[in-house]
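K.L.:
This is the structure I have questions about; it appears just below.
The values are calculated or read from the model by the stated rules, or taken from the named source; none is laboratory data. What you see is a predicted model; the values in this text were computed from it and never measured. In this analysis, Cβ positions are derived from the backbone assuming ideal geometry, glycine residues included, and neighbour counts consider all displayed protein chains.
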Amino acid sequence: MKRHMYIGACFAAMALVPVVGCTSGEPARSEPVAPSEPAARLETSGSQGECFECQRHNCRDFLGFDWVAGCYEDTEIASEGPAAGTPKNELCVNYLECAAGRPAEVGGPSCGAEIESDSTLCYCGPGFSEDPASCLLPGAAAGPCMADAAAAAESTDAPTVAERWVNPAYAIGNANNLLRCIAATGCTDVCYP
């Protein structure tokens, strides 16, 4: 079984630059499997199909990890949280679709398009960029994808969601690292037109 290191980063410092010491670990990953239903859903859906192709081309080996496999091909089942019993790839795709389609503010760009400046928008909502940790207070998070993020993190507890934000053992970690890849490799134009 092949093992991959992942980028450690704190929720409060969600930048494209890893923050050493915030989270750590070396989760086990199986070899890629055949594309799942969630991946097939994106491959054939117009502009999302173009986005998926850009991800497949650029994010198979982004910073030493295959984020496409981590998100779309992870057939493990979520064991905790509001979506326990759901395949992790479905949770990952649900969060990505939400990030692509829902603005953080009325009339604004999708929250996923803002990943380079504030990757917490989809979960927290606007107003937390100066103090992202304040989003962790009970009831503070109110982003357009909060429910999908909690499902993908397998928890409704904001500090737990934060701990799992970039951890590829959880669908939310694979989704956020894939969003980081989209932002860093030029897929933003096709993923968030």
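K.L.:
Kindly list the number of the only condition in (1) over 28 Å from C51 (Cα atoms); (2) crowded, with 16+ Cβ neighbours inside 10 Å that fails for T86.
P.N.:
Tallying (1) over 28 Å from C51 (Cα atoms); (2) crowded, with 16+ Cβ neighbours inside 10 Å, T86 fails exactly one: (1).
K.L.:
In the list S79, S129, S155, S134, which residue meets the criterion of being farther than 17 Å from W67 by Cα and modelled with pLDDT under 90? Talk me through it step by step, then tell me what you get.
P.N.:
Values: S79 fails: modelled with pLDDT under 90; S155 fails: modelled with pLDDT under 90; S134 fails: modelled with pLDDT under 90.
When all the criteria are applied, what remains is S129.
K.L.:
Next question, about the same structure. In the stretch 125-145, which residue that is of a type in the set (A, V, I, L, M, F, W, C) and over 12 Å from the mean Cα position of the chain (by Cα) is surrounded by the fewest Cβ atoms within 10 Å (Cβ to Cβ)? Walk me through it before giving the result.
P.N.:
Our first condition is that a residue be of a type in the set (A, V, I, L, M, F, W, C); within the stretch 125-145, this holds for 128, 133, 135-137, 140-142, 145.
With the extra rule that they be over 12 Å from the mean Cα position of the chain (by Cα), the set shrinks to 128, 133, 135-137, 140-142.
On the way: F128: 21, A133: 16, C135: 24, L136: 19, L137: 10, A140: 14, A141: 21, A142: 13.
Applying the filter and picking the extreme gives L137.
K.L.:
Oh, and also: Tell me, which residue of the stretch 165-193 that is surrounded by fewer than 24 Cβ atoms within 10 Å (Cβ to Cβ) and in contact with an Asp or Glu (Cβ under 7 Å, 6 or more places away or on another chain) is nearest to C111 (Cα to Cα)?
P.N.:
Applying the filter and picking the extreme gives A183.
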